[in-house]
Amino acid sequence: MNQSEKPTALIMIFGATGDLANRKLFPSLYRLYQKGKLDRFAVVGVARRSITNEQFQQNVRDSILSADSNDTNIDDFISRFVYHSHDVTDSNSYATLNQISDELDQRYQLDGNRIFYLAMAPEFFGTIAEHLKMDGLTNVAGFKRLVIEKPFGRSLESAQKLNEQIRTAFAENEIYRIDHYLGKEMVQNIEVIRFANAMFEPLWNNRYISNIQITSSETLGVEERGRYYETSGALRDMVQNHMLQMVALLAMEPPIRLTTEEIRSEKVRALRSLRQISGEEINQYFVRGQYGEGNLNGEELVAYRNEDMVDPKSNTETFVAGKLMIDNFRWAGVPFYIRTGKRMLTKQTKIVVQFKDIPMNLYYQTEQELQPNLLVIHIQPEEGITLHLNAKKSGQSLAAKPVKLSYANRGIDGINTPEAYEKLLYDCMRGDATNFTHWDEVALSWSFVDNISRVWENTPEVSFPNYESNTMGPKAAHDLLERDGFHWWPVTMLDVETCK
Ligand code: BG6
């Protein structure tokens, strides 16, 4: 399907009264509708709660209005939403859902296309998938697709089990596993920056790059998600998926074509080259942290162990820093450093590619240390690229000074880039699975992460909490780079806005 064609589908959202549906899915669908990208569609909201259609439609309206000020044609949009109060284990409830769906299909001429979006607790994924098949909901004239949110299991073994369950009802190419980072504009831009520029790809290897740093820091704590987070921690919550996906995009070989299969198979190859680390080695490669109390503009921040639904002796990590080695020809010897955590100093995601020093610094005569060249990819909140170079200081001397060339998406194009969910929903409706995670990627990421979590779970970290809220994490995360003669480039120094 090309970009101008409008996809047609019935979208069933399981978990329609939940946070994700309200914060992301309804506003994203509405934006697609406003942009004229949807024409024939309808939505069935499915959840346990017993509410009327009118109440549900009011929820959808409220969620849209809190995200957007523009409400053009909102009544027509909302009229396509129907609610079904559902029991996930009861076949009768699925029969009613099927009937509602058939009626909507006829009313809006949806060609029997169905998208099942599971925006809810993962323990029900398997049951729902099995019922969808058993009770005839996947028996459709058009396409059927399953969209699932993370967490996709909490280890390779549980992910495998879940996968087997959903595969009874859906083929791999009908499963769309969401990693919302893959919907981010600048994450998608990594491939373009690499493969569309003659000046980067030839240098994109261990001869010219000394290290790569990926930081995804958050200022919020666990908020009301303590129960989930206690079973996950930062390793499963951020590293297994978002961080490793960014590593794969940075490390992969150029695909021979920009098709879903070719891109995925290169990403899989990159993940297969990750050096497996286990046992005692973990401490040389990975650092875990947990936030303690802190202070933000006079406001007291509570320690992780004092958050709601968190064990007061919790061993869960809220911060991870790691050094990943990719053992292939291109990357041998180049560390990929990652760090992510909650209650950190800033909310940012940035990638810094640090190039090797030039062979000889002529500017030592002027007592000048030359800064290494850096390519910074700003994923969020700013979106852009900055290239750090050295140039001549104005005036008589031949001294060099660092300069920055920068491109800021928003600043220049003057438009807000679409939300990740907007793009991903549209891709799924069009049948483009490129920016979703294939099972092979999920399995490889889990097997990498399992080695670490196995060790961490069995060895309580006595120094927890080991970083103060509102800081950049524990000292050990800095030592990790220092041991290799590097340091984290401070995220604030790298702001795209300050370098225009
Ligand atoms: C989610 C995690 O996948 O990503 C959250 O479960 C985290 O804990 C979020 O806060 C971060 O996403 P973003 O888009 O705000 O960087």
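FYI, it's all coordinate maths here, none of it is from the lab. Being a predicted model, the structure only gives us computed values, none of them experimental. Here the Cβ is made from the backbone with ideal geometry for all residues, glycine too, and neighbour counts use every protein chain on show.
Remarks
- Between the beta carbons of residue 391 and residue 206, assuming R0 = 25 Å, the FRET efficiency works out to 0.40 to the nearest 0.05.
- Take the Cα of residue 143, go 7 Å toward its beta carbon, and the backbone nitrogen atoms of the range 152-174 under 19 Å from that spot belong to 167, 169-174.
- Applied to the range 145-155, the Karplus parametrisation 6.51 cos²θ - 1.76 cosθ + 1.60 on θ = phi - 60° returns per-residue 3J(HN,Hα) values of 9, 10, 10, 10, 8, 5, x, 8, x, 10, 6 Hz, with x for Gly and Pro.
- Using the Cα coordinates of the range 398-490, the gyration tensor eigenvalues translate into equivalent-ellipsoid semi-axes of 33, 30, 15 Å, sorted from longest to shortest.
- Three-way shape label, the range 150-211, alpha-carbon gyration tensor, a/c 1.5: prolate
- Remark: spin-label model distance residue 275-residue 483 equals 1.1 nm, labels positioned 7 Å along the Cα→Cβ axis.
- Note on the range 1-155: Rg/Rh from Cα positions, Kirkwood definition for Rh, rounded to two decimals, is 0.95.
- Remark: C-alpha extents of the chain on the principal axes read 80, 51, 49 Å, sorted largest to smallest.
- Stokes-Einstein translational diffusion, the range 89-236 - Kirkwood Rh over all Cα pairs, 1.002 mPa s, 20 °C, in µm²/s: 113 µm²/s
- Distances between placed amide hydrogens fall under 5 Å for residue 48 paired with 86, all partners being 5 or more residues away or on another chain.
- The chain - percent relative contact order, Cα under 8 Å, separation 6 or more: 17 percent
- Length-normalised contact order for the range 23-124 - Cα pairs under 8 Å, 6+ apart - percent: 34 percent
- Residues with amide H under 5 Å from that of residue 469, placed H, sequence gap 5 or more: 292, 293, 294
- Between residue 211 and 354, the built amide H atoms are under 5 Å apart, and every one of these is 5 or more places off in sequence or on another chain.
- Sorted largest first, extent of the range 214-331 alpha carbons per principal axis (Å): 53, 34, 26
- Folded to 0 to 90 degrees: helix 125-134 orientation relative to the chain principal axis, Cα: 40 degrees
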